Amino acid sequence: MSNIQNLKHQPTAPIGVFDSGIGGLTVAHAIKALMPHENMIYFGDTAHLPYGDKSEAAIQAYSIKIANILLQKGCKVIVIACNSASSAAYELLKEYVRKEAYVINVIDPMVDFITKQFGGKTIGLIGTKRTVQSAIYLRKISEKKSGVILKTLATPLLAPMIEEGFFNNQISKDIIAQYLSDSNLSGLDALVLACTHYPLIRKEIEEYYAGKVAILDSSDVVSSFIKYQLAELGLLNTESNSTSRFYVSDYTDAFEASTRLFFGQNVHLECMRLWD
Ligand code: DGL
């Protein structure tokens, strides 16, 4: 990582995490489960959701605005907890943030995991249009020359469906089955959930495959990667009394309900518009 050196932060500085909405909460939750002492600031860009249908330029503009907020709040690390933003804006954000914070995307740790654990296997990948059309996983996986065959499918209805609270019901089951039965996804050994919203429908995806296909979700892989990097940098927080703060660019009941689902009833949501 190019901006790994010269960080001037204290270990008590927060980890900043952002996504278009609730999807990144799956990553934030895994980070807090693995590193309970870390302070965290979460930003859900609910005003611009879904990111998966936006242009690369639009996602880059949103990401820079959010990074500015997280930097102002003194974050030591910025986690792009969104595949669409990781594919569209990681390189730009890394350049922009430079020495002020360490930037982590959700794609590289997953690519490492897949190529180490599934060499020579056939892997499927579902994600937003932005992520799939960027072909970033195909490119990064083929660079590793591990013999992985990657089959990808854009599944644009899934993130808005999850944001609207449609999971674990007949509608979500039907939509999931329609996508997963696509001939592009035949003969898989494993399926990558290349959208941070999808762990919320992981159970339904597992049921569809009845245990015959391994389901790979990046939240654990990414949180382990962050812990390793923070330890290397001497930036792991060991003090107790950690806090988590949650910001959205537009208040929605759905976001508040989901945040409470992950982080308990005491969550207080603050609204902060990106262009005020
Ligand atoms: N959770 C995001 C991702 O990983 C974005 C979903 C969306 O807003 O379209 O791609």
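Please go through (1) under 20 Å from the mean Cα position of the chain (by Cα); (2) modelled with pLDDT under 95 for Thr238 and return the number of the only condition it doesn't satisfy.
For Thr238, the failing item is (1).
What pairs can you find where one residue is in region 241-253 and of a type in the set (S, T, N, Q), the other is modelled with pLDDT of 95 or more and loosely packed, with under 12 Cβ neighbours inside 10 Å, and their Cβ atoms are less than 9 Å apart, with a gap of 6+ or different chains?
Ser242/Pro36
So, Lys54, is that one near the ligand (Cβ under 10 Å from one of its atoms) and open to solvent by 10 Å² or more (accessible area, probe 1.4 Å) or not?
When the stated conditions are applied, Lys54 passes them.
Name the single residue, out of those in region 206-260 being open to solvent by 60 Å² or more (accessible area, probe 1.4 Å), in the same structural domain as Ala159 (by TED's automatic domain parsing) and not in a helix (DSSP H, G or I), that is nearest to Met40 (Cα to Cα).
Gly211
Would you point out which residue out of Ile66, Ile59 is open to solvent by less than 50 Å² (accessible area, probe 1.4 Å) and more than 17 Å from Thr128 (Cα to Cα)?
Just one listed residue meets the conditions, Ile66.
Looking at Lys140, Lys145, which one is part of a helix (DSSP H, G or I), in the same structural domain as Ala190 (by TED's automatic domain parsing), over 26 Å from Ser181 (Cβ atoms) and away from the ligand (no atom under 15 Å from the Cβ)?
Lys140
Given Lys94, Lys65, which one is away from the ligand (no atom under 16 Å from the Cβ) and either assigned to a helix (DSSP H, G or I) or outside the structural domain of Ala254 (by TED's automatic domain parsing) (or both)?
Values: Lys65 fails: away from the ligand (no atom under 16 Å from the Cβ).
Selected residue: Lys94, the only one of Lys94, Lys65 that is away from the ligand (no atom under 16 Å from the Cβ) and either assigned to a helix (DSSP H, G or I) or outside the structural domain of Ala254 (by TED's automatic domain parsing) (or both).
With the requirement that a residue be among the aromatic types (Phe, Trp, Tyr) and more than 18 Å from Ala101 (Cβ to Cβ), what does region 231-276 give you? I'd like the intermediate steps shown before the answer.
Initially, region 231-276 is screened for residues among the aromatic types (Phe, Trp, Tyr), giving 246-247, 251, 255, 262-263, 275.
Result: Phe246, Tyr251, Phe255, Phe262, Phe263, Trp275.
Sort through Ala47, Ala89, Ala85 and tell me the only one that's touching a Lys or Arg at 6+ places or on another chain (Cβ under 8 Å) and either outside the structural domain of Ala190 (by TED's automatic domain parsing) or crowded, with 23+ Cβ neighbours inside 10 Å (or both). Can you show your working first?
Numbers: Ala89 fails: touching a Lys or Arg at 6+ places or on another chain (Cβ under 8 Å); Ala85 fails: touching a Lys or Arg at 6+ places or on another chain (Cβ under 8 Å).
So the residue among Ala47, Ala89, Ala85 that is touching a Lys or Arg at 6+ places or on another chain (Cβ under 8 Å) and either outside the structural domain of Ala190 (by TED's automatic domain parsing) or crowded, with 23+ Cβ neighbours inside 10 Å (or both) is Ala47.
The values are calculated or read from the model by the stated rules, or taken from the named source; none is laboratory data. Since this is a predicted model, take the numbers as computed values, not measurements. Methodologically, a virtual Cβ is constructed for each residue, glycine included, from the backbone with ideal geometry; neighbour enumeration extends over all protein chains shown. Note: accessible area is taken over every heavy atom of the protein model, side chains too, but ligands, DNA and RNA are not part of it. Shrake-Rupley method; radii C 1.70, N 1.55, O 1.52, S 1.80 Å.
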